[in-house]
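The values are calculated or read from the model by the stated rules, or taken from the named source; none is laboratory data. What you are looking at is a predicted structure, and each value in this text was computed from that prediction instead of being measured. Glycine also receives a Cβ, built like all others from the backbone with ideal geometry; neighbour counts cover every protein chain displayed.
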Amino acid sequence: MADELPLAGHTALITGGAKRLGRVVTEALAGAGADVCIHYGRSADDAAELAGRVRGWGRRAWAVQCDLADSEEVARLLPRAMEEAGDIDILINNASIFPESTLMDFTENDLRENINVNALAPLLLGRAFAGRGQAGHIINFLDTRIVSYDKAHAAYHLSKRMLFTLTRMMALEFAPAIRVNAIAPGLILPPEGKTEAYLEQYAHTNPMQTYGNPKDIAGTVLFLLTTGFITGQTIYVDGGRHMKGATYG
Ligand SMILES: NC(=O)c1ccc[n+]([C@@H]2O[C@H](COP(=O)([O-])OP(=O)(O)OC[C@H]3O[C@@H](n4cnc5c(N)ncnc54)[C@H](OP(=O)(O)O)[C@@H]3O)[C@@H](O)[C@H]2O)c1
């Protein structure tokens, strides 16, 4: 019975929800009873296919497009999604870009783009979400690299550090109505275009000597959503990588 599922009666917006980790999270939320607004940037076909499949499970599902690099579009995203879905009480800021850059060579535009997608969009969505005046939960996606220094993705690193700080700021500002937590994945999926060999190559860098599964991330999302007394927390799902503190790149 849908009513017995832990997230029955809830509706989630998942940014970048059509592919990769976002897709697995979307499936887990719907499997736990939530209705889902699947945000996508370019992956219209994947989003439509996933929405159709989720509807087949008896959930409501929508696909909503928005370029998260464009703050004017971002300002319209939550209102547009709520026109379709009604109130949305779970916001998953999963979408991200991961371009290579070094401290010496990134341009102002590189930095702006990383910050716009990886930190400003979650902030603008978070503010709009808090502006509903209703209870809810936000989960931001970070990266285990934030505790060390990822020299080969310097602009990305800065943007994820910003989102880490924003997670704590929003948790304080939006309490008690809204809980705000973060998940910092480690080695889970290879970057787009790379194969499983990439995961094998770096598995030894984790204390657990292996790499994770997207289901570890989805399980952490469900844990945070269903455990009411946690806010401002970052959970590292990384085989212990955050404790090593070495430099990447
Ligand atoms: N994969 C890992 O092992 C790993 C490790 C550490 C941290 N993380 C974090 O976990 C999250 C998910 O990781 P992932 O590897 O699944 O992410 P990803 O594939 O790199 O990106 C997820 C989605 O973000 C969307 N996106 C990017 N730029 C956008 C824009 N300007 N406008 C709209 N959408 C945009 C894309 O949606 P469309 O395809 O629809 O355009 C993309 O599919 C990210 O925040 C990432 O930093 C992942």
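Here is a check on your reading of the model: is Ala34 surrounded by 20 or more Cβ atoms within 10 Å (Cβ to Cβ) and in contact (Cβ under 8 Å) with a residue 24 or more places away in the chain? For Ala34, the condition - surrounded by 20 or more Cβ atoms within 10 Å (Cβ to Cβ) and in contact (Cβ under 8 Å) with a residue 24 or more places away in the chain - is met. Does Leu78 satisfy the condition of being buried (at least 22 other Cβ atoms within 10 Å of the Cβ) and modelled with pLDDT of 95 or more? Considered against the rule, which asks whether it is buried (at least 22 other Cβ atoms within 10 Å of the Cβ) and modelled with pLDDT of 95 or more, Leu78 comes out as yes.
Taken together, Trp62, Trp57 contain a single residue that is among the aromatic types (Phe, Trp, Tyr) and either in contact with a Gly (Cβ under 6 Å, 6 or more places away or on another chain) or exposed (fewer than 15 other Cβ atoms within 10 Å of the Cβ) (or both), which is Trp57. Selection within the range 182-203: residues that are over 20 Å from His157 (Cβ atoms) and either more than 14 Å from the ligand (Cβ to nearest atom) or of a type in the set (D, E, K, R) (or both). The member of this set that is surrounded by the most Cβ atoms within 10 Å (Cβ to Cβ) is Glu200. For residues that are away from the ligand (no atom under 12 Å from the Cβ), surrounded by 13 or more Cβ atoms within 10 Å (Cβ to Cβ) and either assigned to a helix (DSSP H, G or I) or hydroxyl-bearing (Ser, Thr, Tyr) (or both), tally how many sit in the range 204-214. Matching residues across the range 204-214 total 2.
Among residues of the range 199-224 that are within 22 Å of Asn181 (Cβ to Cβ), those with a beta-carbon under 9 Å from a residue that is away from the ligand (no atom under 13 Å from the Cβ) and of a type in the set (S, T, N, Q) at least six positions away or on a different chain give the pairs Leu224/Asn181; Leu224/Gln233.
The set of residues in the range 167-198 that are in a helix (DSSP H, G or I) and free of Cβ contacts under 8 Å to residues at least 40 places away in the same chain comprises Met169, Glu196, Ala197, Tyr198.
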